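*Asks:* Provided herewith is a single structure, encoded as structure tokens, for subsequent inquiry.
Just so you know, all these numbers are worked out from the coordinates, no wet-lab data involved. It should be emphasised that the depicted structure is a prediction, and the values quoted were computed from it without experimental measurement. Every residue, glycine among them, receives a Cβ derived from its backbone with ideal geometry; neighbour counts consider all protein chains shown.
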DNA sequence: GTTATTTCATACTAACTAGTATTTTTTATG
DNA sequence: CATAAAAAATACTAGTTAGTATGAAATAAC
């Protein structure tokens, strides 16, 4: 990787960490360049505005991570019920990039930036749509395999699963405790079983 | 109501609207006093700091509204399944104070202010706890009435219902469309039926 | 190696931020 | 009505914000 590409990536990664823990609006460019040891000139060479950097974080950090860790693994799932549960459980309890007290990066950005920045909304929307579509397809596959009832509506389930995840992450943030995740997961399991 | 109490309430109400639609951090005191036609002197006579005003909004606007509209009506419910559905449906589709593109005021504040302001977290936590406890009690009552299976765990259901609501509100915000609420509500109905 | 282009460094600005100091007006109380 | 206290008005400050102007160093092309 060229030196320039490296500074760009450093900015995106460090800025992501700051924004994930502090929020977008309250993370200043001065703070970003201080923690990255990159000068303001360099920053504004790579990004015309703060918002352009924000969108780049979604496109170049969040989307690839999401795709690799949570979309691809579900795409060819032969046992969606188990894999959905494991995916959510991993996200809540094990993912080393996430912290209970900071919530979900995608959920946070959605809450903070919509409806005020269209570029953010669009990028986040694409990410979420892709995830939901993957869940929907997995349901369909499970139905042909006889693992899920035929009358279950895949789209509805995708909305329900994804909403619950976003919501409980916000709740975990409020309580700063994993224990609510444990309670949530138990009922999530019950819900998934009700689809059988 | 005294004139002073009236200006205080005006500040809280208008500030709430601004914060609900724009977010807490990005709503400036200058903006609040501009829209309320109240001077800075008056503002700082009633509130020592911006954060003190923020907490007052939770205590004096959000808590009473929540208590009157969504906690009391559930407290003596004789048909919790139906009442849960109606409560969520009303919140999503009918409540005139809420707007799909701005999400849930409580969820928004939680996301934005925790873990950075303990007073906010505490006040929001109390509000949420009270709501969840009411749901839990309603489940218990429904179980004695034979409307919900005995093996259903009330706390788990409360977490699940409330998470789903917060999550779908964030989703509605992203899409700025009621249609995802419709889809969500269908699956919410299915979930509630699975408790019978 | 010279030149052109990319990449980065420094110093600055104008607008905005929460909050303060001080004075004036309004209201309550005797 | 006089006076004290409550409530509100005005002008200000110090710090922070995103973004700019301009020049210097590094890299690539020839």
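*Asks:* Beyond 20 Å, how much of the Cα-Cα pair distribution for chain A remains, as a whole percent? It would help to have the intermediate numbers written out before the result.
*Replies:* Numbers: 11338 of 19110 pairs.
For chain A, the fraction of Cα-Cα distances above 20 Å is 59 percent.
*Asks:* Taking every residue in A:169-182, how many Cβ atoms of other protein chains lie within 10 Å of its Cβ, on average? Can you show the working numbers first?
*Replies:* Numbers: counts 5, 14, 10, 2, 6, 17, 6, 4, 0, 0, 0, 3, 1, 2.
If you average over the peptide's residues, the count of other-chain Cβ atoms is 5.
*Asks:* Apply 1/(1 + (r/R0)^6) to the Cβ-Cβ distance of residue A:76 and residue B:78, taking R0 = 56 Å, and write down the FRET efficiency to the nearest 0.05. It would help to have the intermediate numbers written out before the result.
*Replies:* Working: r = 48 Å, r/R0 = 0.86.
Once rounded, the FRET efficiency stands at 0.70.
*Asks:* Another question, then. Residues in region A:145-169, backbone N under 20 Å from the label point at residue B:179 (7 Å along the Cα-to-beta-carbon vector): list them, ranges by number please.
*Replies:* A:153-163
*Asks:* Please say if the protein assembly as shown is rounded, prolate or oblate, where rounded means a/c under 1.5 for a ≥ b ≥ c the square roots of the C-alpha gyration tensor eigenvalues, and otherwise the choice is prolate for a/b larger than b/c and oblate otherwise?
*Replies:* Numbers: a/c = 2.12, a/b = 1.08, b/c = 1.96.
Because a/c hits 1.5 or more and a/b fails to exceed b/c, the protein assembly as shown counts as oblate.
*Asks:* Any idea what angle helix A:118-144 forms with the longest principal axis of chain A, computed on alpha-carbon atoms, 0 to 90 degrees, nearest 10?
*Replies:* 20 degrees
*Asks:* Hey, what number do you get for chain B at 222 nm if only DSSP H runs of n ≥ 4 count, each worth -39500 (n - 2.57), divided across all residues, to the nearest 500? Don't skip to the answer; put the middle values down first.
*Replies:* Working: 11 runs with 134 residues, N = 196.
One gets -21500 deg cm²/dmol as the mean residue ellipticity at 222 nm.
*Asks:* Every other copy gets compared here: list the nm distances from the residue B:133 label point (7 Å along Cα to Cβ) to its counterparts, shortest first, one decimal.
*Replies:* When each copy's label point is compared with this one, the spacings are 4.6 nm.
*Asks:* If one takes the longest principal axis of the Cα atoms in chain B, at what angle in degrees, from 0 to 90 and to the nearest 10, does the Cα axis of helix B:154-175 lie?
*Replies:* 60 degrees
*Asks:* Averaged across the residues of A:18-26, what count of C-beta atoms belonging to other chains lies within 10 Å of each residue's C-beta? Please report the intermediate quantities before stating the final value.
*Replies:* Working: counts 0, 0, 0, 2, 1, 6, 2, 5, 4.
Partner Cβ neighbours, averaged per residue: 2.
*Asks:* Given the Cα-Cα distance of residue B:26 and residue B:137 and 0.36 nm per residue of separation, how much length would full extension add, in nm? If you can, show how the numbers build up before the last one.
*Replies:* Details: separation 111, 0.36 × 111 = 39.96 nm, distance 3.82 nm.
In short, 36.1 nm is gained.
*Asks:* Across the residues of B:98-109, average count of Cβ atoms on other protein chains within 10 Å? Before the final figure, lay out the partial values.
*Replies:* Values: counts 0, 1, 1, 3, 2, 4, 3, 0, 2, 7, 3, 1.
If you average over the peptide's residues, the count of other-chain Cβ atoms is 2.
*Asks:* Only counting other Cβ atoms within 10 Å, I'd like A:176, B:30 sorted with the fewest neighbours first. Before the final figure, lay out each step's value.
*Replies:* Numbers: A:176 15, B:30 10.
Fewest-to-most Cβ neighbours within 10 Å comes out as B:30, A:176.
*Asks:* Within 10 Å, count the other beta carbons around each residue, average over each peptide in A:36-44, A:121-129, and list them highest first. Numbers along the way, then the final one.
*Replies:* Numbers: A:36-44: 14.2, A:121-129: 17.9.
Result, highest mean Cβ count within 10 Å first: A:121-129, A:36-44.
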